[in-house]
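These notes concern the structure reproduced below.
No lab work stands behind these numbers, since they all come straight from the coordinates. Given the structure is predicted, the values throughout are model-derived calculations rather than measurements. Here the Cβ positions follow ideal geometry from the backbone for every residue, glycine too, while neighbour counts run over all protein chains shown.
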Amino acid sequence: MKTPAHFYVVRFLLGLAEAGFFPGVIVYLTHWFPGRDRTRALSWFLIATPIAQITSPKLSNALLKIGTDEIINGALVQHPQVLGMAGWQWVYIF
């Protein structure tokens with residue numbers, strides 16, 4: 001992505017892909033697991049959301065530092081780009 005228009009298009013497509021994910025997984029789990037195991041499978045899927053909300057800020061913070069400079073204890077620290085991409089681009093990939 002090089003322009004704001006590219007960003008908006010990619011963000012729209014990501015939202016479009018995410019829109020059907022949750023109901024699709026629920027239907028998939030109801031067909032895949034028998035009745036006695038269905039609640040356990042659904043509960044594991046639903047508990048993944050708070051776990052992701054706990055872990056993703058740490059991961060995003062580390063990824064966003066890629067390709068930036070910051071001052072730590074008075075010293076300039078340079079975080080190099082990885083594969084020519086900045087940190088915000090890596091956040092989209094992950």
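In deg cm²/dmol and to the nearest 500, what is the mean residue ellipticity at 222 nm of the chain if only DSSP H runs of at least 4 residues count, each as -39500 (n - 2.57), divided by the residue total? Let's see the in-between values first.
Details: 4 runs with 65 residues, N = 94.
Taken over the chain, the calculation gives -23000 deg cm²/dmol.
Please compute, over every Cα-Cα pair in the chain, the percentage with a separation greater than 21 angstrom.
Working: 2452 of 4371 pairs.
Summing the P(r) tail past 21 Å for the chain gives 56 percent.
Under the 0.36 nm per residue contour assumption, what length would be gained going from the current alpha-carbon distance of residue 82 and residue 41 to full extension? Each step should come with its number before you reach the end.
On the way: separation 41, 0.36 × 41 = 14.76 nm, distance 3.69 nm.
Length difference between fully extended and current span is 11.1 nm.
Suppose every K and R has +1 on its Cβ and every D and E has -1 on its Cβ; what is the size of the dipole of the chain about the Cα centre, in Debye to the nearest 20? Don't jump to the answer; show the numbers that get you there.
Working: 7 positive and 4 negative charges, 55 e Å.
Rounded to the nearest 20 debye, it is 260 debye.
Compare the Cα positions of 55, 82, 41 along the charge dipole of the chain (+1 at Cβ of Lys, Arg; -1 at Cβ of Asp, Glu; about the Cα centre) and return the one farthest towards the positive end.
Of the options given, the answer is 41.
Which helices, counted as full DSSP H runs in the chain, have an axial Cα extent of no less than 27 Å and a Kyte-Doolittle average of -1.0 or above? Could the numbers behind the result be given before it?
Working: long enough: 35-64 (43 Å, 0.19).
Helices meeting the criterion: 35-64.
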